[in-house]
1. Along the positive direction of the dipole of the stretch 19-84 (beta-carbon charges: Lys, Arg +1; Asp, Glu -1; about the Cα centre), which of Trp33, Met67, Pro43 reaches farthest?
2. Report the per residue volume, in Å³, of the convex hull enclosing the C-alpha atoms of the stretch 718-770.
3. Enter the Cα centre distance for the pair the stretch 457-509 and the stretch 386-437, rounded to the nearest angstrom.
4. With the Cα gyration tensor of the stretch 27-134 in hand, convert its eigenvalues to equivalent ellipsoid semi-axes via √(5λ) and list them largest first in whole Å.
5. What order, most packed first, do the peptides 430-437, 60-67 have when packing is the mean number of other Cβ atoms within 10 Å of each residue?
6. Tell me, rounded to the nearest percent, the portion of alpha carbon pairs in the stretch 644-719 spaced more than 21 Å apart.
7. Based on the Cα coordinates of the stretch 342-487, what is the per residue volume of their convex hull in Å³?
8. Starting from the Cα gyration tensor of the stretch 361-438, multiply each eigenvalue by 5, take the square root, and state the resulting semi-axes largest first in whole Å.
Amino acid sequence: MVHHPRVHHPRVVVVGAGIVGCALADELTARGWRDVTVLEQGPLFTTGGSTSHAPGLVFQTNVSRTMTGFARYTVDKYGRLKAGGRACFDSVGGLELATSAERMRELRRRHGLAASWGLDARLLDPPECAALHPLLEPGPVLGGLHVRGDGLARAVPAAEAQARLATARGARFLADRRVVGIESSAGAVTAVHTERETFPADVVVSCAGFWGPAIGALAGVTVPLLPMAHQYARSGPLTALAGRGAGAPILRHQDRDLYFRLHGDRVGVGSYAHRPMPVDLAELAEGAHPSMLGFTRDDFAESWSAAQDLLPALRGASLEEGFNGVFSFTPDGFPLLGESRQLRGFWTAEAVWVTHSAGAARAVAEWLVDGRPGADLHECDLNRFDSAQLTPSFVRQRATRSFVEVYDIVHPLDPPGPPRAQRVSPWHARQAGLGAVFTEAGGWERPLWYEANAGLPQPARGLRRDPWSARNWSPIVAAEARATRDSVALYDMTPLTRLEVAGPAAAAYLQRLASNDVDRPVGTVVYALLLDHAGGIRSDITVARLGEELFQVGVNGPLDLDWLLRHRPADGSVSVRDVTGGTGGLGVWGPRARDLIAPLADIDVSHQAFGYFRARRAHLGDVPVTMLRLSYVGELGWEIYTSAEHGLRLWDTLWEAGAPLGLIAAGRGAFTSLRLEKGYRAWGADMTTEDDPYEAGLGFAVRSGSGDFIGRDALAGRSPSTARRLLTCLLLDDRAGEYVPLGREPVYVGGAPVGYVTSAAYGYTVGAPIAYAWLPPAVAVPGTAVRIDCLGRMLPATVTSDPVFDPKHERIRR
Ligand code: FAD
Ligand code: THG
């Protein structure tokens with residue numbers, strides 16, 4: 001958020017007049033900001049950047065709801081924009097093809113995603129696919145996904161048309177102005193330098209595309225993207241197309257990493273099949289088209305023959321006009337939007353495709369002008385990375401992987417590729433010794449389950465799965481869940497981001513940020529929300545008061561640290577420190593947790609002495625610990641934290657004492673199942689800034705008395721009865737759980753999608769698959785029958801009041 005008390009309309013300098021810079025200038029000036037200067041190193045508007053050569057295919061379907069929203073807005077906006085008398089978007093439709101059974105399943109999944117996010121999409125059989133396209137023959141095709149609203153954006157005309165609108169409202173576009181310096185003072189930007197001029201600025205938005213890291217470097221800001229080359233070529237003219245190509249849909253042949261469009265009577269073919277080709281910015285030519293590298297024909301050979309296999313008419317055609325075009329890849333494939341934490345007033349809108357350009361620009365403009373974007377941007381936020389994820393080698397390896405995987409079938413639980421084992425908890429060696437199967441998130445290794453638990457008793461149901469929902473899952477998950485409910489289990493909580501907030505003003509500061517009353521006596525833990533100014537949920541947190549002026553705050557990741565740092569009082573009366581790295585935490589949960597802890601602890605851990613949602617410092621054996629009595633899995637027990645050097649000893653102490661009690665180590669699979677039984681929400685999946693506490697079922701965490709907090713005014717008058725949609729618990733009618741949703745599947749009433757699943761898992765204790773979903777209030781009534789589309793199977797489910805396990809909290813509060 002920008003605070004510029006003296007300037008009414010801040011002076012904005014946008015770096016780069018590609019489609020993103022132009023869209024941003026339009027969106028900013030449309031919101032009344034006038035002082036907008038766009039500096040472009042090249043000519044206007046064929047600048048030589050990625051936009052200049054983009055063939056402009058727009059496939060809107062994306063696993064991310066936000067990204068799909070960006071694409072929908074882009075399609076809508078460019079459809080209305082005119083350049084040279086023609087619209088800047090041509091909705092020829094998009095057709096994704098399957099030539100393998102796995103891809104067909106993936107298209108069913110994507111059909112579900114499209115329905116969840118409100119796109120009009122249909123699955124087609126091979127003849128229907130062939131009928132849509134003049135060159136396509138049913139031959140190798142097993143089916144297709146057709147999205148009518150997809151199509152072709154005219155990238156440069158769209159950029160220019162938006163620039164024209166912005167110019168009419170007072171923006172300036174200056175060609176031939178290479179930005180060579182960014183000036184700052186007291187941690188905030190003040191000016192931008194080109195070779196000859198200086199432009200004073202309150203806000204700088206880098207829209208430099210794949211040059212982003214270089215502009216970031218001028219500002220001392222890390223911009224984690226990798227420029228990579230990607231091959232695009234056109235065929236010579238095809239007689240088969242003479243007069244027939246108009247209106248043909250764009251194609252994706254993802255089994256061979258290809259996409260296609262027509263250019264009159266020629267076919268354009270783009271390929272992601274070739275070897276990754278990272279580009280060194282320093283080695284780019286200074287010529288007219290720096291983003292266009294020479295075509296390396298050999299790299300394209302395989303793709304050309306795969307293209308001919310799909311479109312036989314290409315066999316008689318020549319391959320002409322190929323190039324290796326450069327654009328941006330990020331470690332997780334999402335754009336980089338927002339204000340840097342490293343320098344106030346320095347923003348980025350980069351690694352954005354033409355497809356998402358207008359939507360991403362709108363979000364950034366809203367964020368600048370209103371202080372808050374209209375859509376949930378947590379996947380796209382520039383500050384989402386931990387410092388371990390910003391190293392050049394990490395960015396290079398993961399961004400390369402983003403390129404390789406761009407069209408791959410990725411299961412939602414697939415662990416990300418190398419580098420791995422970046423951050424490991426103190427007991428990593430013990431976990432590995434127990435046969436942990438690890439995944440990674442936020443740079444941390446996290447056990448999914450432990451092979452050592454293969455011999456444990458299993459619950460009666462939920463053990464047989466179809467191949468897709470069995471991926472990254474094992475029946476051992478079921479056994480670990482059961483053991484947690486029956487005896488006691490260790491869960492690794494080390495990756496949970498922990499902040500230490502300290503200082504004389506710490507209590508007042510947290511009270512202002514947290515929705516709940518956190519200014520409570522020492523030894524109290526409080527569950528609370530961080531709301532934005534519009535009452536949207538930025539996070540859910542736990543605030544443990546360890547001293548009058550000392551708090552341990554459990555949060556959901558780097559964006560929370562960012563929010564807390566931004567709101568720190570300027571006078572130094574509060575310090576905020578991320579202590580995650582130097583500490584480790586174990587959840588010790590289950591009905592026998594107290595039997596395990598009591599003999600080890602040097603304090604009284606009875607319910608009377610150490611109640612629910614209380615915090616104590618103690619020793620377990622020889623290990624100094626901080627204990628929080630709470631449990632995300634809904635069982636008796638504690639989160640136990642210690643500094644890293646004591647970690648191994650903590651594990652060993654518990655492990656040894658726990659052996660007679662049947663103590664096991666358990667992983668994320670069991671964790672997710674148990675938390676869904678207990679109805680605990682996961683921020684990011686179940687709720688985001690787009691939702692208010694009442695809609696998310698978290699109204700209990702909003703205090704009514706005791707002072708002001710961010711978001712309070714916005715919530716005035718709101719309640720569950722004003723909810724636009726409600727986060728709702730569903731139980732699948734087929735209790736066997738052969739098909740378990742994984743999240744993002746559409747929920748149907750009758751023939752129409754009415755909402756979508758946020759998280760889901762088999763509930764081994766309740767013996768049924770559980771899914772949480774956003775549904776209209778009229779549907780979110782217990783007993784209502786709905787259907788969930790899982791890969792084309794319509795699974796009947798019933799709305800249920802939640803939580804489905806231990807609604808009276810009897811197991812946890814005793
Ligand atoms: P750019 O268009 O690169 O604009 C950045 C601008 O910043 C440039 O004009 C540059 O000159 C300027 N700049 C950089 N440094 C400075 C400086 N120091 N001072 C001043 N100005 C500076 N996307 C799709 O959605 N669909 C597609 O079908 C598609 N196909 C593609 C095919 C190819 C071959 C390529 C290369 C990309 C394709 N893309 C596609 C991606 C898309 O082109 C880009 O993601 C998009 O154009 C990026 O727009 P941008 O405005 O961020 O970047
Ligand atoms: N542990 C700690 N901090 C955390 C989490 C955690 N912070 C981030 C995230 N996880 C927060 N999520 C939750 C969700 C639910 C609960 C705790 C953290 C929880 N809720 C009880 C309930 O809803 O009944 C308690 C509510 C109350 O008494 O106010 O326990 O895992 N340290």
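No value in this document is a laboratory result; all are computed from the given coordinates. Note that the structure is predicted; figures quoted are calculated from it, not measured. With ideal geometry, Cβ positions are generated from the backbone for all residues, glycine too; neighbour counts draw on all protein chains shown.
1. Towards the positive end, the residue furthest out is Met67.
2. Hull volume normalised by residue count: 109 Å³.
3. Using only Cα atoms to place each centre, the spacing works out to 19 Å.
4. Largest first, the stretch 27-134 gives 33, 17, 14 Å.
5. Descending mean neighbour count gives 60-67, 430-437.
6. Beyond 21 Å sits 56 percent of the P(r) for the stretch 644-719.
7. 190
8. For the stretch 361-438, the ellipsoid semi-axes come out as 32, 17, 14 Å.
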